[in-house]
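Input: a single structure, listed below in structure tokens.
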Amino acid sequence: MDQYFDLTSDPRSGVAELVLNQPQRLNTIAPAFFTGLRDAVRELDDAGTTRVLVIRSTGKHFCAGMALEVFDDLAQLDASDARSRLAFQRNLRRLMDCFDALEQARFPVLCAVQGGCIGGGLDLALACDIRVCSADAFFTVQEIHIGLAADVGSLQRLPKVVPQGIARQMAYTGERLDAPRALATGLVNAVLPDAQALQVHATQLARQIAEKNPLAIAGSKLALNYARDHGTDESLQQMALLQSAIFDLGDIQRAIAAWKDKRAGQFDALAATPPP
């Protein structure tokens, strides 16, 4: 158990759950959260047995962003000379890398949001493959309210999920995007009545994905991530190379048989990848 979250994994289904566990603190986060999340996700990915990761939380809000006490000692954030600025850049890139781990994982990551998804919470949600939320959810780029430009991924990922105008208005004003509007703009895939219904929906969706061939799922995620950041011609060339690497006739035959029989297919886990 981490200071900020609990992590469980069901080896039968391949579904893992990472649950933010500080509701009394509105699930606010600090630098240690980032590295803990990164290490947990990479450990799951290296093992090869996780097919889907669900990230959800407890309490009133999904995540209220960075804990304000992180900013209490501003001397630690000093960037008044060249050396300190270089160190600042290096440390910030390390924080960004922690959420990058969600995109780099071979399995999809599903984020279930109830209540506020604020600041760093939005950075976290945007690094996931799919987002669903409860009716009381709202999303906000909180950093602008404390004199900062959001700097751990929201400004880079949000415009690739919602229209540019919506992303810019959120970034410039810090206004809240409520659940109905989040659904209308494509930020979330579904809005559920409450947190309990949200958890049920997220689990069902995760299991639906986990039943598919994990090799094909991993390939699909690689292709989608690449296409998001590259042109069509480049993406098609990458797809040709990728498909030639992951094409498995035995998996295809098993998938077709399962589909015809209207049952879940039986597929081998991905190969473990020992950390360097």
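Quick notes on this structure:
- Check on Ala210, more than 18 Å from Ala101 (Cα to Cα) and in contact (Cβ under 8 Å) with a residue 60 or more places away in the chain: yes
- None of Ala218, Ala227 is at negative phi, outside the structural domain of Ala47 (by TED's automatic domain parsing), within 20 Å of the chain's Cα centre (by Cα) and surrounded by fewer than 18 Cβ atoms within 10 Å (Cβ to Cβ) except Ala227.
- Qualifying residue in region 52-67 (condition: among the aliphatic types (A, V, I, L, M) and surrounded by fewer than 20 Cβ atoms within 10 Å (Cβ to Cβ)): yes
- Residue list for region 1-43, filter: outside any loop (DSSP other than H, G, I, E, B), over 14 Å from the mean Cα position of the chain (by Cα) and more than 24 Å from Ile118 (Cα to Cα): Thr8, Ser9, Asp10, Val15, Glu43
- Residues that are of a type in the set (Asp, Glu), assigned by TED's automatic domain parsing to the domain that holds Ser57 and either in a strand (DSSP E or B) or surrounded by 24 or more Cβ atoms within 10 Å (Cβ to Cβ) (or both) do not occur anywhere in region 141-148.
- Which listed residue is touching a Pro at 6+ places or on another chain (Cβ under 8 Å), of a type in the set (A, V, I, L, M) and touching a residue at least 24 places away in the same chain (Cβ under 8 Å), from Leu95, Leu110: Leu95
- Selection count where residues are over 28 Å from the mean Cα position of the chain (by Cα) and either among the β-branched types (Val, Ile, Thr) or loosely packed, with under 10 Cβ neighbours inside 10 Å (or both), scope region 261-276: 2
- From Val41, Val52, residue being touching a residue at least 60 places away in the same chain (Cβ under 8 Å), closer than 24 Å to Phe139 by Cα and touching a Gly at 6+ places or on another chain (Cβ under 8 Å): Val52
- Residue match in region 111-125 (condition: within 29 Å of Ala223 (Cα to Cα) and touching a Leu at 6+ places or on another chain (Cβ under 6 Å)): yes
- Unique match (being surrounded by 15 or more Cβ atoms within 10 Å (Cβ to Cβ) and modelled with pLDDT of 95 or more) among Ala210, Ala240, Ala258: Ala210
- Complete set of residues in region 160-205 that are assigned to a loop (DSSP other than H, G, I, E, B), of a type in the set (Asp, Glu) and within 17 Å of Gly121 (Cα to Cα): Glu175
- Complete set of residues in region 75-115 that are surrounded by fewer than 24 Cβ atoms within 10 Å (Cβ to Cβ), outside any helix (DSSP H, G or I) and more than 11 Å from the chain's Cα centre (by Cα): Asp78, Ala79, Ser80, Asp81, Arg106, Gly115
The values are calculated or read from the model by the stated rules, or taken from the named source; none is laboratory data. The model shown is predicted, which means the values in this text are computed figures rather than measured ones. Every residue, glycine among them, receives a Cβ derived from its backbone with ideal geometry; neighbour counts consider all protein chains shown.
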